[in-house]
Amino acid sequence: MTQDTERLGGPGVPESPAQTFLAAGAGRERTGGEDGRHRLGQLIQFVAGPENRLAEAALWGLLAGEEDYNPIVLHGHSGVGKSQLARDAYNAWKALHPDRPAALVAGIEFARQLTDAIETQSVEDFRDHYRGLAMLVVDDLHLLSGKTAAQEELMHTVDAVARSSGAVLITCRWPPDQLGGFLSGLVSRLSAGLTVPLVPPGPEARRALLGRYVAAPGFPWSEAALELVDQRFRGTAAQLEGLVKQVALTAGQPAARIGPELVASVLDHRPGAGQPELRVIAMAAAKGFSVRLGDLRSGSRRRAVVLARAMAMYLARNLSERTFEEIGRYFGGRDRTTVSHACQRMEALLAQDPSLRQLYTQLEQQLRA
DNA sequence: CCAAGTTATCCACACTGCT
DNA sequence: AGCAGTGTGGATAACTTGG
(Lines give C-alpha, C1' and ligand atoms only; values in the text may rest on other atoms or scores of the structure.)
Protein backbone atom coordinates (compact mmCIF):
# COMPACT_ATOMS: atom_id res chain seq x y z
CA MET A 1 0.00 0.00 0.00
CA THR A 2 3.00 2.23 0.61
CA GLN A 3 3.83 1.96 -3.04
CA ASP A 4 0.29 2.74 -4.05
CA THR A 5 0.30 5.79 -1.87
CA GLU A 6 3.57 6.99 -3.33
CA ARG A 7 2.36 6.39 -6.79
CA LEU A 8 -1.03 7.99 -6.44
CA GLY A 9 -1.00 10.28 -3.47
CA GLY A 10 2.61 11.15 -2.84
CA PRO A 11 4.53 14.30 -3.66
CA GLY A 12 4.78 13.36 -7.30
CA VAL A 13 1.04 13.62 -7.73
CA PRO A 14 -0.22 16.89 -9.18
CA GLU A 15 -2.90 18.97 -7.47
CA SER A 16 -5.75 17.62 -9.53
CA PRO A 17 -5.40 14.31 -11.34
CA ALA A 18 -8.27 15.37 -13.56
CA GLN A 19 -6.32 18.39 -14.78
CA THR A 20 -3.23 16.35 -15.54
CA PHE A 21 -5.25 13.71 -17.26
CA LEU A 22 -7.02 16.22 -19.43
CA ALA A 23 -3.87 18.25 -20.06
CA ALA A 24 -2.11 15.11 -21.24
CA GLY A 25 -4.85 14.75 -23.79
CA ALA A 26 -6.12 11.39 -22.67
CA GLY A 27 -9.39 10.65 -24.30
CA ARG A 28 -8.95 13.45 -26.80
CA GLU A 29 -9.05 11.04 -29.68
CA ARG A 30 -12.59 9.99 -29.04
CA THR A 31 -14.00 13.03 -27.34
CA GLY A 32 -12.79 15.61 -29.79
CA GLY A 33 -10.17 18.02 -28.43
CA GLU A 34 -11.17 21.08 -26.42
CA ASP A 35 -14.84 20.37 -26.70
CA GLY A 36 -14.34 16.79 -25.55
CA ARG A 37 -12.35 17.84 -22.52
CA HIS A 38 -15.03 20.26 -21.51
CA ARG A 39 -17.71 17.64 -21.96
CA LEU A 40 -15.77 15.11 -19.91
CA GLY A 41 -15.19 17.64 -17.15
CA GLN A 42 -18.94 18.19 -16.98
CA LEU A 43 -19.55 14.47 -16.60
CA ILE A 44 -17.60 14.33 -13.37
CA GLN A 45 -20.01 15.46 -10.66
CA PHE A 46 -17.97 14.21 -7.70
CA VAL A 47 -16.07 17.02 -6.02
CA ALA A 48 -12.84 15.88 -4.40
CA GLY A 49 -11.15 18.07 -1.82
CA PRO A 50 -7.66 17.26 -0.54
CA GLU A 51 -9.22 14.54 1.65
CA ASN A 52 -10.32 12.50 -1.38
CA ARG A 53 -7.51 13.15 -3.85
CA LEU A 54 -6.39 9.51 -3.78
CA ALA A 55 -9.85 8.33 -4.82
CA GLU A 56 -9.97 10.91 -7.57
CA ALA A 57 -6.53 9.87 -8.79
CA ALA A 58 -7.62 6.23 -8.81
CA LEU A 59 -10.70 7.10 -10.85
CA TRP A 60 -8.70 8.95 -13.45
CA GLY A 61 -6.10 6.21 -13.60
CA LEU A 62 -8.87 3.74 -14.27
CA LEU A 63 -10.31 5.89 -17.05
CA ALA A 64 -6.86 6.34 -18.57
CA GLY A 65 -6.59 2.57 -18.84
CA GLU A 66 -3.93 1.98 -16.19
CA GLU A 67 -4.18 -1.67 -15.26
CA ASP A 68 -1.90 -1.55 -12.25
CA TYR A 69 -4.76 -1.30 -9.80
CA ASN A 70 -7.56 -3.56 -10.88
CA PRO A 71 -10.10 -3.79 -9.40
CA ILE A 72 -10.40 -0.51 -7.54
CA VAL A 73 -12.50 -0.69 -4.37
CA LEU A 74 -13.85 2.58 -2.95
CA HIS A 75 -15.14 2.26 0.59
CA GLY A 76 -16.68 4.60 3.13
CA HIS A 77 -19.78 5.49 5.14
CA SER A 78 -22.97 6.12 3.24
CA GLY A 79 -23.28 9.71 2.11
CA VAL A 80 -19.60 10.21 1.28
CA GLY A 81 -20.28 10.05 -2.45
CA LYS A 82 -19.40 6.46 -3.41
CA SER A 83 -22.37 6.08 -5.72
CA GLN A 84 -21.77 9.47 -7.29
CA LEU A 85 -18.19 8.52 -8.05
CA ALA A 86 -19.37 5.19 -9.48
CA ARG A 87 -21.82 6.97 -11.79
CA ASP A 88 -19.14 9.48 -12.82
CA ALA A 89 -16.71 6.72 -13.68
CA TYR A 90 -19.34 4.96 -15.76
CA ASN A 91 -20.46 8.10 -17.60
CA ALA A 92 -16.90 9.26 -18.26
CA TRP A 93 -15.98 5.82 -19.56
CA LYS A 94 -18.89 5.85 -21.99
CA ALA A 95 -17.82 9.27 -23.26
CA LEU A 96 -14.19 8.25 -23.59
CA HIS A 97 -14.71 4.78 -24.99
CA PRO A 98 -18.09 4.72 -26.71
CA ASP A 99 -17.20 1.53 -28.54
CA ARG A 100 -16.14 -0.44 -25.44
CA PRO A 101 -19.09 -1.90 -23.52
CA ALA A 102 -19.56 -0.82 -19.91
CA ALA A 103 -22.11 -1.51 -17.19
CA LEU A 104 -23.03 0.09 -13.88
CA VAL A 105 -24.96 -2.20 -11.59
CA ALA A 106 -25.89 -2.19 -7.91
CA GLY A 107 -24.62 -5.27 -6.07
CA ILE A 108 -28.10 -6.30 -5.06
CA GLU A 109 -29.33 -5.84 -8.65
CA PHE A 110 -26.52 -8.07 -9.94
CA ALA A 111 -27.75 -10.80 -7.60
CA ARG A 112 -31.35 -10.31 -8.67
CA GLN A 113 -30.44 -10.49 -12.37
CA LEU A 114 -28.50 -13.70 -11.74
CA THR A 115 -31.49 -15.26 -9.96
CA ASP A 116 -33.73 -14.26 -12.88
CA ALA A 117 -31.23 -15.72 -15.34
CA ILE A 118 -31.17 -19.01 -13.44
CA GLU A 119 -34.96 -19.17 -13.32
CA THR A 120 -35.34 -18.41 -17.03
CA GLN A 121 -32.39 -20.65 -17.93
CA SER A 122 -30.51 -17.77 -19.52
CA VAL A 123 -27.36 -17.82 -17.41
CA GLU A 124 -25.23 -18.05 -20.57
CA ASP A 125 -26.67 -14.75 -21.83
CA PHE A 126 -26.08 -13.22 -18.40
CA ARG A 127 -22.43 -14.32 -18.49
CA ASP A 128 -21.90 -13.25 -22.09
CA HIS A 129 -23.12 -9.81 -21.14
CA TYR A 130 -21.10 -9.27 -17.97
CA ARG A 131 -17.92 -11.16 -18.82
CA GLY A 132 -17.68 -9.41 -22.19
CA LEU A 133 -17.59 -5.94 -20.61
CA ALA A 134 -14.64 -3.61 -20.96
CA MET A 135 -15.73 -1.80 -17.81
CA LEU A 136 -17.77 -3.01 -14.88
CA VAL A 137 -18.91 -0.80 -12.00
CA VAL A 138 -20.55 -2.49 -9.02
CA ASP A 139 -22.17 -0.15 -6.49
CA ASP A 140 -22.81 -1.13 -2.84
CA LEU A 141 -21.09 -4.48 -2.96
CA HIS A 142 -21.62 -5.05 0.78
CA LEU A 143 -25.32 -5.72 0.15
CA LEU A 144 -24.26 -9.02 -1.47
CA SER A 145 -23.42 -10.28 2.01
CA GLY A 146 -24.48 -13.92 2.36
CA LYS A 147 -25.43 -14.24 -1.32
CA THR A 148 -22.81 -16.81 -2.24
CA ALA A 149 -24.07 -17.64 -5.74
CA ALA A 150 -23.92 -14.00 -6.78
CA GLN A 151 -20.52 -13.59 -5.14
CA GLU A 152 -19.15 -16.62 -6.96
CA GLU A 153 -20.50 -15.28 -10.25
CA LEU A 154 -19.11 -11.82 -9.57
CA MET A 155 -15.70 -13.26 -8.78
CA HIS A 156 -15.53 -14.97 -12.19
CA THR A 157 -16.91 -11.86 -13.86
CA VAL A 158 -14.22 -9.67 -12.30
CA ASP A 159 -11.58 -12.14 -13.44
CA ALA A 160 -12.95 -12.27 -16.98
CA VAL A 161 -13.14 -8.50 -17.32
CA ALA A 162 -9.66 -8.02 -15.89
CA ARG A 163 -8.21 -10.75 -18.13
CA SER A 164 -9.39 -8.91 -21.23
CA SER A 165 -7.74 -5.67 -20.00
CA GLY A 166 -11.04 -4.28 -18.80
CA ALA A 167 -11.57 -2.01 -15.81
CA VAL A 168 -13.44 -2.92 -12.62
CA LEU A 169 -14.61 -0.40 -10.03
CA ILE A 170 -16.41 -1.42 -6.87
CA THR A 171 -17.97 0.67 -4.10
CA CYS A 172 -18.52 -0.76 -0.67
CA ARG A 173 -19.32 0.23 2.90
CA TRP A 174 -16.20 -1.52 4.24
CA PRO A 175 -12.79 -2.45 2.83
CA PRO A 176 -12.75 -5.98 1.33
CA ASP A 177 -10.91 -7.61 4.24
CA GLN A 178 -13.59 -6.42 6.64
CA LEU A 179 -16.58 -7.72 4.71
CA GLY A 180 -18.78 -10.20 6.57
CA GLY A 181 -20.54 -13.06 4.81
CA PHE A 182 -18.28 -13.01 1.76
CA LEU A 183 -16.39 -15.79 -0.03
CA SER A 184 -12.70 -15.69 0.78
CA GLY A 185 -11.90 -16.04 -2.91
CA LEU A 186 -13.77 -12.86 -3.78
CA VAL A 187 -12.28 -11.03 -0.81
CA SER A 188 -8.72 -11.89 -1.79
CA ARG A 189 -9.44 -11.05 -5.43
CA LEU A 190 -10.68 -7.61 -4.36
CA SER A 191 -7.89 -7.09 -1.85
CA ALA A 192 -5.35 -7.65 -4.62
CA GLY A 193 -6.48 -4.43 -6.30
CA LEU A 194 -6.41 -0.90 -4.98
CA THR A 195 -8.50 -0.17 -1.90
CA VAL A 196 -9.26 3.52 -1.42
CA PRO A 197 -11.14 5.11 1.49
CA LEU A 198 -13.66 7.88 0.77
CA VAL A 199 -14.39 10.47 3.45
CA PRO A 200 -17.04 13.21 3.73
CA PRO A 201 -16.27 16.47 1.92
CA GLY A 202 -13.93 18.86 3.74
CA PRO A 203 -14.32 22.67 3.71
CA GLU A 204 -12.79 23.10 0.26
CA ALA A 205 -14.96 20.43 -1.36
CA ARG A 206 -18.09 21.70 0.43
CA ARG A 207 -17.49 25.17 -0.98
CA ALA A 208 -17.09 23.78 -4.49
CA LEU A 209 -20.23 21.67 -4.13
CA LEU A 210 -22.19 24.62 -2.84
CA GLY A 211 -21.03 26.72 -5.79
CA ARG A 212 -22.29 24.05 -8.14
CA TYR A 213 -25.68 23.61 -6.47
CA VAL A 214 -26.47 27.32 -6.33
CA ALA A 215 -25.44 27.80 -9.95
CA ALA A 216 -28.96 26.82 -11.10
CA PRO A 217 -30.63 29.81 -12.76
CA GLY A 218 -33.51 31.69 -11.15
CA PHE A 219 -32.28 31.92 -7.55
CA PRO A 220 -29.22 34.14 -7.20
CA TRP A 221 -27.49 33.63 -3.85
CA SER A 222 -25.87 36.57 -2.11
CA GLU A 223 -22.30 36.24 -0.94
CA ALA A 224 -23.43 36.51 2.69
CA ALA A 225 -25.87 33.61 2.21
CA LEU A 226 -23.10 31.42 0.82
CA GLU A 227 -20.87 32.45 3.69
CA LEU A 228 -23.51 31.42 6.20
CA VAL A 229 -23.87 27.92 4.75
CA ASP A 230 -20.11 27.65 4.73
CA GLN A 231 -20.01 28.43 8.43
CA ARG A 232 -22.99 26.52 9.72
CA PHE A 233 -23.47 23.49 7.53
CA ARG A 234 -21.63 20.23 8.21
CA GLY A 235 -23.00 17.30 6.29
CA THR A 236 -22.75 15.13 3.22
CA ALA A 237 -22.97 16.33 -0.38
CA ALA A 238 -26.50 14.95 -0.67
CA GLN A 239 -27.62 16.80 2.47
CA LEU A 240 -26.07 20.01 1.15
CA GLU A 241 -27.95 19.65 -2.12
CA GLY A 242 -31.14 19.07 -0.14
CA LEU A 243 -30.53 22.24 1.83
CA VAL A 244 -30.06 24.32 -1.33
CA LYS A 245 -33.31 22.92 -2.77
CA GLN A 246 -35.13 23.64 0.47
CA VAL A 247 -33.91 27.24 0.41
CA ALA A 248 -35.05 27.69 -3.21
CA LEU A 249 -38.43 26.24 -2.29
CA THR A 250 -38.79 28.57 0.68
CA ALA A 251 -37.73 31.57 -1.42
CA GLY A 252 -40.90 31.17 -3.46
CA GLN A 253 -40.93 32.78 -6.91
CA PRO A 254 -37.71 32.73 -8.97
CA ALA A 255 -35.52 35.80 -9.24
CA ALA A 256 -35.92 36.57 -5.53
CA ARG A 257 -32.43 37.20 -4.21
CA ILE A 258 -31.45 34.70 -1.55
CA GLY A 259 -29.96 36.39 1.49
CA PRO A 260 -28.51 35.18 4.79
CA GLU A 261 -31.79 35.69 6.71
CA LEU A 262 -33.63 33.19 4.52
CA VAL A 263 -30.81 30.66 4.73
CA ALA A 264 -30.61 31.08 8.50
CA SER A 265 -34.33 30.42 8.92
CA VAL A 266 -34.11 27.26 6.78
CA LEU A 267 -31.06 26.07 8.74
CA ASP A 268 -32.87 26.76 12.02
CA HIS A 269 -36.04 24.95 11.02
CA ARG A 270 -34.61 21.94 9.26
CA PRO A 271 -36.78 19.04 10.43
CA GLY A 272 -33.84 16.70 10.85
CA ALA A 273 -33.48 16.52 7.06
CA GLY A 274 -34.22 12.88 6.57
CA GLN A 275 -32.55 11.69 9.75
CA PRO A 276 -34.48 9.01 11.62
CA GLU A 277 -35.88 9.68 15.08
CA LEU A 278 -33.84 8.34 17.99
CA ARG A 279 -36.85 6.27 19.03
CA VAL A 280 -37.00 4.61 15.61
CA ILE A 281 -33.27 3.86 15.71
CA ALA A 282 -33.51 2.48 19.25
CA MET A 283 -36.49 0.31 18.35
CA ALA A 284 -34.70 -1.13 15.32
CA ALA A 285 -31.59 -1.92 17.38
CA ALA A 286 -33.66 -3.39 20.22
CA LYS A 287 -35.45 -5.66 17.78
CA GLY A 288 -32.18 -6.65 16.10
CA PHE A 289 -30.76 -7.82 19.43
CA SER A 290 -34.02 -9.17 20.84
CA VAL A 291 -34.12 -6.84 23.82
CA ARG A 292 -36.79 -4.36 24.89
CA LEU A 293 -36.72 -0.70 23.95
CA GLY A 294 -37.07 0.11 27.64
CA ASP A 295 -33.89 -1.87 28.40
CA LEU A 296 -31.86 0.40 26.13
CA ARG A 297 -32.98 3.45 28.08
CA SER A 298 -32.66 1.79 31.48
CA GLY A 299 -29.64 1.51 33.73
CA SER A 300 -29.14 -2.17 32.91
CA ARG A 301 -25.63 -3.29 32.01
CA ARG A 302 -26.52 -6.81 30.97
CA ARG A 303 -24.24 -7.86 28.13
CA ALA A 304 -26.98 -8.15 25.48
CA VAL A 305 -28.49 -4.84 26.50
CA VAL A 306 -25.15 -3.04 26.49
CA LEU A 307 -24.34 -4.34 23.00
CA ALA A 308 -27.75 -3.37 21.61
CA ARG A 309 -27.46 0.05 23.26
CA ALA A 310 -24.01 0.60 21.78
CA MET A 311 -25.31 -0.34 18.33
CA ALA A 312 -28.23 2.04 18.71
CA MET A 313 -25.90 4.85 19.79
CA TYR A 314 -23.54 4.13 16.91
CA LEU A 315 -26.43 4.15 14.43
CA ALA A 316 -27.77 7.36 15.93
CA ARG A 317 -24.37 8.92 15.55
CA ASN A 318 -23.93 7.80 11.93
CA LEU A 319 -27.46 8.30 10.61
CA SER A 320 -28.20 11.65 12.20
CA GLU A 321 -26.32 14.81 13.04
CA ARG A 322 -27.11 14.54 16.74
CA THR A 323 -24.38 15.26 19.25
CA PHE A 324 -23.09 12.75 21.83
CA GLU A 325 -24.90 14.85 24.40
CA GLU A 326 -28.31 14.49 22.69
CA ILE A 327 -27.83 10.78 22.13
CA GLY A 328 -26.75 10.22 25.73
CA ARG A 329 -29.74 12.16 27.02
CA TYR A 330 -32.12 9.94 25.06
CA PHE A 331 -30.48 6.70 26.20
CA GLY A 332 -31.26 7.05 29.88
CA GLY A 333 -29.55 10.37 30.47
CA ARG A 334 -26.10 8.89 30.00
CA ASP A 335 -22.96 10.95 29.90
CA ARG A 336 -21.83 12.10 26.46
CA THR A 337 -18.47 10.38 26.93
CA THR A 338 -20.33 7.12 27.50
CA VAL A 339 -21.82 7.52 24.03
CA SER A 340 -18.43 8.38 22.62
CA HIS A 341 -16.86 5.29 24.21
CA ALA A 342 -19.74 3.10 23.03
CA CYS A 343 -19.25 4.31 19.46
CA GLN A 344 -15.52 3.63 19.59
CA ARG A 345 -16.15 0.20 20.99
CA MET A 346 -18.75 -0.55 18.33
CA GLU A 347 -16.33 0.58 15.63
CA ALA A 348 -13.73 -1.86 16.99
CA LEU A 349 -16.26 -4.67 17.27
CA LEU A 350 -17.50 -4.11 13.72
CA ALA A 351 -13.93 -4.28 12.46
CA GLN A 352 -13.51 -7.78 13.85
CA ASP A 353 -16.98 -9.34 13.80
CA PRO A 354 -18.46 -10.10 10.35
CA SER A 355 -21.88 -11.12 11.68
CA LEU A 356 -22.17 -7.89 13.62
CA ARG A 357 -21.27 -5.94 10.48
CA GLN A 358 -23.99 -7.82 8.66
CA LEU A 359 -26.51 -6.78 11.30
CA TYR A 360 -25.30 -3.19 11.20
CA THR A 361 -25.68 -3.07 7.41
CA GLN A 362 -29.17 -4.49 7.70
CA LEU A 363 -30.23 -1.94 10.32
CA GLU A 364 -28.67 0.94 8.42
CA GLN A 365 -30.53 -0.06 5.25
CA GLN A 366 -33.78 -0.37 7.16
CA LEU A 367 -33.42 3.02 8.82
CA ARG A 368 -32.50 4.84 5.63
CA ALA A 369 -35.47 3.45 3.76
C1' DC B 1 -22.01 -18.54 46.33
C1' DC B 2 -17.72 -15.97 46.05
C1' DA B 3 -13.48 -13.97 44.14
C1' DA B 4 -11.37 -12.19 40.19
C1' DG B 5 -11.58 -10.16 35.82
C1' DT B 6 -13.91 -7.20 32.45
C1' DT B 7 -15.96 -3.11 31.02
C1' DA B 8 -19.85 0.52 30.99
C1' DT B 9 -20.18 4.53 33.07
C1' DC B 10 -19.04 9.05 34.88
C1' DC B 11 -15.84 12.74 35.90
C1' DA B 12 -12.04 15.89 35.11
C1' DC B 13 -9.30 18.00 32.01
C1' DA B 14 -7.58 19.33 27.40
C1' DC B 15 -8.09 20.51 22.63
C1' DT B 16 -10.33 22.57 18.42
C1' DG B 17 -13.15 25.63 15.91
C1' DC B 18 -16.33 29.22 16.03
C1' DT B 19 -18.30 33.70 17.64
C1' DA C 1 -12.56 35.15 26.31
C1' DG C 2 -16.56 32.20 26.17
C1' DC C 3 -19.02 28.39 24.24
C1' DA C 4 -20.08 23.95 22.04
C1' DG C 5 -18.51 19.70 20.72
C1' DT C 6 -15.24 16.26 21.12
C1' DG C 7 -11.20 13.24 22.78
C1' DT C 8 -8.52 11.00 26.47
C1' DG C 9 -7.34 8.88 30.82
C1' DG C 10 -8.54 7.47 35.46
C1' DA C 11 -11.76 5.79 39.09
C1' DT C 12 -15.67 3.21 40.26
C1' DA C 13 -19.27 0.02 40.26
C1' DA C 14 -22.14 -3.29 37.53
C1' DC C 15 -21.82 -7.31 35.38
C1' DT C 16 -19.66 -11.88 33.80
C1' DT C 17 -17.01 -15.87 34.48
C1' DG C 18 -14.52 -19.64 36.63
C1' DG C 19 -13.98 -22.39 40.56
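The values are calculated or read from the model by the stated rules, or taken from the named source; none is laboratory data. Since we're looking at a predicted model, the values are computed, not measured. Positions of Cβ are backbone-derived with ideal geometry, glycine not excepted, and every protein chain shown enters the neighbour counts. These accessible areas exclude ligands, DNA and RNA; they are computed on the full protein's heavy atoms, side chains included. Shrake-Rupley method; radii C 1.70, N 1.55, O 1.52, S 1.80 Å.
Can you say whether A:Pro220 is more than 24 Å from A:Ser355 (Cα to Cα) and in contact with a Lys or Arg (Cβ under 6 Å, 6 or more places away or on another chain), as far as the supplied structure shows? Spelling it out, A:Pro220 is indeed more than 24 Å from A:Ser355 (Cα to Cα) and in contact with a Lys or Arg (Cβ under 6 Å, 6 or more places away or on another chain).
Residues checked against (1) modelled with pLDDT under 95; (2) of a type in the set (Ser, Thr, Tyr); (3) surrounded by fewer than 17 Cβ atoms within 10 Å (Cβ to Cβ):
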| residue | (1), (2), (3) |
| --- | --- |
| A:His129 | no, no, yes |
| A:His142 | yes, no, no |
| A:Thr148 | yes, yes, yes |
| A:His156 | no, no, yes |
| A:Asp159 | yes, no, yes |
| A:Arg163 | yes, no, yes |
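Select from segment A:50-102 the residues that are touching a Phe, Trp or Tyr at 6+ places or on another chain (Cβ under 7 Å) and either at negative phi or not assigned by TED's automatic domain parsing to the domain that holds A:Tyr130 (or both) and list them in ascending order. Across segment A:50-102, the qualifying residues are A:Ala58, A:Trp60, A:Gly61, A:Leu63, A:Ala64, A:His75, A:Gln84, A:Leu85, A:Asp88, A:Ala102. One residue alone among A:Arg309, A:Arg303, A:Arg345, A:Arg334 is within 8 Å of DNA strand B (Cβ to nearest atom), open to solvent by less than 20 Å² (accessible area, probe 1.4 Å) and among the basic types (Lys, Arg), and that residue is A:Arg309.
Screening A:Arg329 with (1) open to solvent by less than 20 Å² (accessible area, probe 1.4 Å); (2) out of contact with any helix residue (DSSP H, G or I) (no Cβ under 6 Å at 6 or more places or on another chain) gives one miss only, at (1). Taken over segment A:314-332, the residue count meeting the criterion of being farther than 17 Å from A:Arg368 by Cβ and either within 12 Å of DNA strand C (Cβ to nearest atom) or more than 29 Å from the chain's Cα centre (by Cα) (or both) is 8. Can you tell me which residues in segment A:303-333 are part of a loop (DSSP other than H, G, I, E, B) and at pLDDT below 90? A:Ser320, A:Glu321, A:Arg322, A:Thr323, A:Gly332, A:Gly333 - these are the residues of segment A:303-333 that are part of a loop (DSSP other than H, G, I, E, B) and at pLDDT below 90. Scanning segment A:144-192 for residues that are among the polar types (S, T, N, Q), over 20 Å from the mean Cα position of the chain (by Cα) and part of a helix (DSSP H, G or I) gives A:Thr148, A:Gln151, A:Thr157, A:Ser184, A:Ser188. When A:Asp295 is tested against (1) open to solvent by less than 30 Å² (accessible area, probe 1.4 Å); (2) closer than 18 Å to A:Gln366 by Cβ; (3) in a helix (DSSP H, G or I), just one condition goes unmet, and that condition is (2).
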